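Chemist: Pasting a structure below so you can have a look.
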Amino acid sequence: MPYPPPPRVLPGPRRRTLLASAAGAALLAGCSSASGDPDGGTGGSPSLAERARARAARDSEGLVGRYDAVLAAHPALERLVAPLRAEAVRHVEAFGGGASGSSASPSASTSPSSSASASASASASIPAVPADERDALAELAAAERTLADQRAKTLLEMPGELARLLASVAAAGAAHAFLLTEGAR
């Protein structure tokens, strides 16, 4: 009876393992070079990311203005609206927004001329608050939903960190819209 042939398994990694490792390393190298920019921009379009970040900050500041208008018109809604407004202020700060979004009240600004121009532009872009609390909450929810949708579309064109920030803030905006809708019932 002849002996069976020796197993053909050689010590060390297999060819498939080496190929998979090489492909994974190339993929990781590509990902790490794209996200290695600390500003979150790509080599060819840092100004696009900066403009998107500035716009997101302005949009969040406008949303804070809407929250302020609703709180001024309907103080009874403070329990529901104030925490969501505080989150919108944090979004302004996350996008590198100015002092107008982080102030405790819309009139607390650093200089009279900047507060006058800021309130003039804010009042021009913020519609009148409905007299009915439910309608006011519904309008806030619609504003949150619209902005969340806009950010979800924008993030597809943005690089690494900024895309992740936009995604996170868009998700928060969608949650705010849900909470405001539930609060209006």
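Chemist: Between Arg164 and Ala72, how many nm apart are label points set 7 Å from Cα along the C-beta direction?
Modeler: Output for this residue pair reads 3.8 nm.
Chemist: Taking 0.36 nm per residue of separation and subtracting the Cα-Cα distance, what length does fully extending Ala82 through Thr146 add?
Modeler: 21.0 nm
Chemist: How far is it, in nm, from the label point at Ala54 to the one at Thr181 when both lie 7 Å from their Cα along the line to the Cβ?
Modeler: Output for this residue pair reads 3.4 nm.
Only the coordinates and a few stated rules stand behind these numbers; no lab work does. Predicted model, so just to flag it, every value in this text is computed and none were measured. Cβ coordinates were reconstructed from backbone atoms using ideal geometry, including for glycine residues, and neighbour counts include every protein chain displayed.
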